[in-house]
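Single-structure report; data block below.
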Amino acid sequence: MLSSTPATGSTGEAALSDPAYRAFLLLRVVFAAAPILFGLDKFAGLLTDWPRYLAPWIDGIVPGTAEQAMYAVGVIEIVAGITVALLPRFGGWIVAAWLAGIILNLLTGPGLYDVALRDFGLLAAAVALALLASRYSPARRDRSPY
């Protein structure tokens, strides 16, 4: 029979022997680090030419150039990564919503359907993070909703 409470160590923390807790930690680290790194790269441009990923219709409604829009995207991604690190129950949903927006952009713009499919997998993982965080997030002990 499955337990409805996580395995705990002597300190009351979820034990690293619990595979679901390890999955939560892995997702939390990845979804904190990746958005921050991708966000920083919107300013450095080392990985790719980011403005080419922006759908023309979005470029037409946001003020400024596509490059300036990508700077704003970078700031949002950095904030999302920090939110996952500090408040994973909330941050997981933020990242999932952000990925849904990226998918919409990719499907309606530059025709990068393979990247959109990959991002759908990331969206599912971000939802898994948010769901696991409802059980394992350290703030839960404080009865915080996040």
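The values are calculated or read from the model by the stated rules, or taken from the named source; none is laboratory data. Source: prediction; values computed, not measured. Note: ideal-geometry Cβ built from the backbone for every residue, glycine included; neighbour counts use all protein chains shown.
Points worth noting:
- Some residue of the stretch 47-65 being within 30 Å of S134 (Cα to Cα), modelled with pLDDT of 95 or more and small (G, A, S): no
- Meets criteria (modelled with pLDDT of 95 or more, surrounded by 14 or more Cβ atoms within 10 Å (Cβ to Cβ) and in a helix (DSSP H, G or I)) for A33: no
To keep it simple, each residue is scored yes or no on (1) under 30 Å from L25 (Cα atoms); (2) buried (at least 16 other Cβ atoms within 10 Å of the Cβ); (3) touching a strand residue (DSSP E or B) at 6+ places or on another chain (Cβ under 7 Å).
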| site | (1), (2), (3) |
| --- | --- |
| L37 | yes, no, no |
| D41 | yes, yes, no |
| G45 | yes, no, no |
| L54 | no, yes, no |
| A66 | no, yes, no |
| A72 | yes, no, no |
| I78 | yes, yes, no |
| G81 | yes, yes, no |
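- Of the numbered criteria (1) at pLDDT 95 or above; (2) under 18 Å from the mean Cα position of the chain (by Cα), the one Y146 fails is (1).
- Residues within the stretch 12-24 that are surrounded by fewer than 17 Cβ atoms within 10 Å (Cβ to Cβ) and either of a type in the set (A, V, I, L, M) or on the phi > 0 side of the Ramachandran plot (or both), tallied: 5
- Residues within the stretch 64-76 that are free of Cβ contacts under 8 Å to residues at least 24 places away in the same chain and in a helix (DSSP H, G or I), tallied: 5
- Here A100 does not fit the description of being modelled with pLDDT of 95 or more and under 15 Å from L27 (Cβ atoms).
- Within the stretch 34-55, the set of residues being free of Cβ contacts under 8 Å to residues at least 24 places away in the same chain and in contact with a Ser or Thr (Cβ under 9 Å, 6 or more places away or on another chain) comprises just one member, P51.
- Test: residue in the stretch 77-97 that is in contact (Cβ under 8 Å) with a residue 60 or more places away in the chain, assigned to a helix (DSSP H, G or I) and farther than 20 Å from L37 by Cβ: no
- Screening the candidates G101, G111 for the property of being within 20 Å of L40 (Cα to Cα) and without any contact (Cβ under 8 Å) to a residue 40 or more places away in the chain yields one hit, G101.
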